[in-house]
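To start, the structure itself, in structure tokens.
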Amino acid sequence: MKSVKTVLKVGHGPSSSHTVGPYIAAQEMQKRFPGADFDVTLYGSLAFTGHGHGTGQAVSDVMPKANIIYDVTTKDLPHPNTMLFVAKKDGKEIGRARVFSIGGGTIEIEGEGILGGEEVYPEKSLSEILDKCEKMCLTLPEFVYEREGSEVKENLTLAWETMQKCIEAGLSTEGILPGGLDLARKAKRLFTTVSHNESADITMERLIASFSYAVCEENASGNIVVTAPTCGASGVIPSIMYYMKNYKGFSEDEIIDALCVAALVGNVIRTNASISGAECGCQAEVGSACSMAAAAVAHLYGLNLRQIEYAAEVAMEHNLGLTCDPVMGLVQIPCIERNAVAAMRALNAVNLSRFLYGTRRISFDDVIATMYRTGLDMNEKYRETSHGGLAQLYK
């Protein structure tokens with residue numbers, strides 16, 4: 001497996017696959033062909049939802065003169081998020097590269113592999129990692145820090161600082177989200193409106209939802225967020241961690257360790273399945289974020305390694321089959337609300353894991369393999385093309 005540093009990345013919303021990945025790809029192509037003009041063809045999900053997701057703008061930010069083509073007819077693509085960069089000088093082609101945006105802002109260049117894809121971990125599954133930790137008497141964060149050194153903590157600290165700024169910006173901003181749906185921001189209202197006779201549990205859920213909405217509304221506005229593991233699922237983990245720090249009293253160091261656990265779980269998912277909505281539906285995005293958050297909270301509460309695994313497994317199992325059907329190709333409906341719901345589900349998974357982990361029958365690795373197969377079986381119109389589900393029916 002690769003470094004966990006590549007799981008939580010800072011970048012512009014609204015979509016890691018559709019904005020962060022293409023932006024990085026355009027930067028890489030400019031390095032390879034300095035001074036060239038470019039024809040950039042977007043295929044599959046990048047073409048179908050590229051306007052709503054801001055893909056063309058992301059490429060244009062790097063290549064202002066690029067000729068961007070949205071190809072919605074080509075089939076049998078090697079990946080649903082495929083880009084073709086053709087470099088030209090004086091009207092003649094000097095080189096080309098096909099690039100795949102494989103989720104979370106990570107790109108793969110055809111014939112070369114993943115950009116910056118050095119292997120760090122010989123372990124390929126969570127079961128292997130847990131076995132190693134038990135033999136060496138290590139917690140999951142200790143396992144990661146031993147393998148990757150202090151640089152990982154610096155990366156996680158930057159991610160955490162960015163998450164907090166994002167929440168605070170979202171909570172203080174009102175207005176209408178861009179894109180044409182005329183959707184009003186709701187984070188501030190959720191944060192400040194207390195219902196009559198509100199119980200402690202309802203207060204917790206309202207606050208966590210407000211934090212999640214804050215991040216997702218910042219993301220929908222194209223502002224800076226952290227891929228956790230994607231932009232479309234960026235509200236789940238920050239909302240819970242922000243609550244745990246500010247309302248449950250966990251320290252900065254404890255939050256960083258919990259984010260390390262989340263990143264490790266996300267790394268396993270990315271390695272053995274996918275975190276791309278275009279490849280496996282929203283189960284790969286919000287489902288993964290829910291699973292990562294559950295593992296992080298289980299670690300915060302001092303649960304043992306097998307309880308952490310069970311929390312992550314339960315969280316993913318009950319997101320299986322979740323479709324990606326963004327209305328108008330915007331990361332707004334149902335994406336924003338879905339992040340808040342997933343945060344609640346992550347907490348429920350942790351509560352179950354406290355008592356029932358000894359009775360479980362399904363391993364985390366099994367449910368991740370199931371998620372991947374389910375995603376590949378899913379009809380294309382439910383995989384971030386805006387051709388099915390709410391995207392088709394909502395008027």
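The values are calculated or read from the model by the stated rules, or taken from the named source; none is laboratory data. From a predicted model like this one, the values you see are computed outputs, not experimental measurements. Virtual Cβ from ideal backbone geometry, glycine too; neighbours counted across all protein chains shown. Please note that ligands, DNA and RNA were not included when accessible areas were found on the heavy atoms of the full protein model with its side chains. Shrake-Rupley method; radii C 1.70, N 1.55, O 1.52, S 1.80 Å.
With a probe of 1.4 Å, find how much accessible area the range 1-152 has per residue, and write the answer as a whole number in Å².
44 Å²
So for the pair Ile114, Val72, with labels modelled 7 Å out along Cα→Cβ, what separation do we get in nm?
Here the answer is 3.2 nm between the modelled labels.
Using only alpha carbons, build the gyration tensor for the range 1-132 and give me the equivalent ellipsoid semi-axes, biggest first, whole Å.
Calculated on Cα positions only, the semi-axes equal 29, 16, 14 Å.
Would you list which aspartates and glutamates come within 12 Å of Lys88, measuring only between C-alpha atoms, while excluding same-chain residues fewer than 8 positions from it?
Asp37, Asp39
Using alpha-carbon pairs under 8 Å, 6+ residues apart, how would you state the relative contact order of the range 1-105 in percent?
36 percent
Give me the one-decimal nm value for the distance between modelled label points at Arg96 and Ile224, 7 Å along each residue's Cα-to-Cβ direction.
Each label point is offset 7 Å from its Cα along the Cβ direction, giving 3.8 nm.
Consider a paramagnetic label point 7 Å from the Cα of Glu252 along Cα→Cβ; state which residues of the range 202-244 have an amide N under 16 Å from it.
242
Go through the range 42-145 and name the GluC sites (Glu not before Pro) that are in a DSSP coil and have 12 or fewer other Cβ atoms within 10 Å of their Cβ.
Listed in order of number, the matching sites are Glu112, Glu118.
Points 7 angstrom from Cα along the Cβ direction at Glu161 and Leu393: gap in nanometres?
4.6 nm
Expressed as a rounded percentage, what relative contact order does the chain have, with Cα pairs under 8 Å and six or more residues apart?
It comes to 19 percent, rounded to a whole number.
What fraction of the DSSP beta bridges in the chain is antiparallel, stated in percent and rounded to the nearest 5?
Roughly 80 percent of the DSSP beta bridges within the chain come out antiparallel.
Within straight cross-link reach of Lys245, meaning Cα distance under 29 Å, which lysines are found once same-chain residues fewer than 8 apart are removed?
The qualifying lysines are Lys2, Lys5, Lys9, Lys153, Lys165, Lys186, Lys188.
Carbon and sulfur together cover what percent of the accessible area of the range 219-339 at a 1.4 Å probe radius?
Here carbon and sulfur together make up 46 percent of the probe-accessible area.
Restrict the search to the range 156-202; then list the GluC sites (Glu not before Pro) that DSSP places in a loop and that have at most 13 other Cβ atoms within 10 Å of their Cβ.
Those satisfying the criteria are Glu174, Glu198.
Calculated from the structure, Rg and Dmax of the Cα atoms in Å equals which of (1) 20.3, 71; (2) 22.6, 72; (3) 20.6, 59?
For Rg and Dmax of the Cα atoms in Å, the calculated option is (1).
Just to confirm a number: summing +1 for Lys and Arg and -1 for Asp and Glu over residues other than His318 whose beta-carbon lies under 14 angstrom from that of His318, what do you get?
Here the count lands on +1.
Just the number please: accessible area per residue for the range 322-369, 1.4 Å probe, all protein chains included, in Å².
Here the per-residue accessible area is 44 Å².
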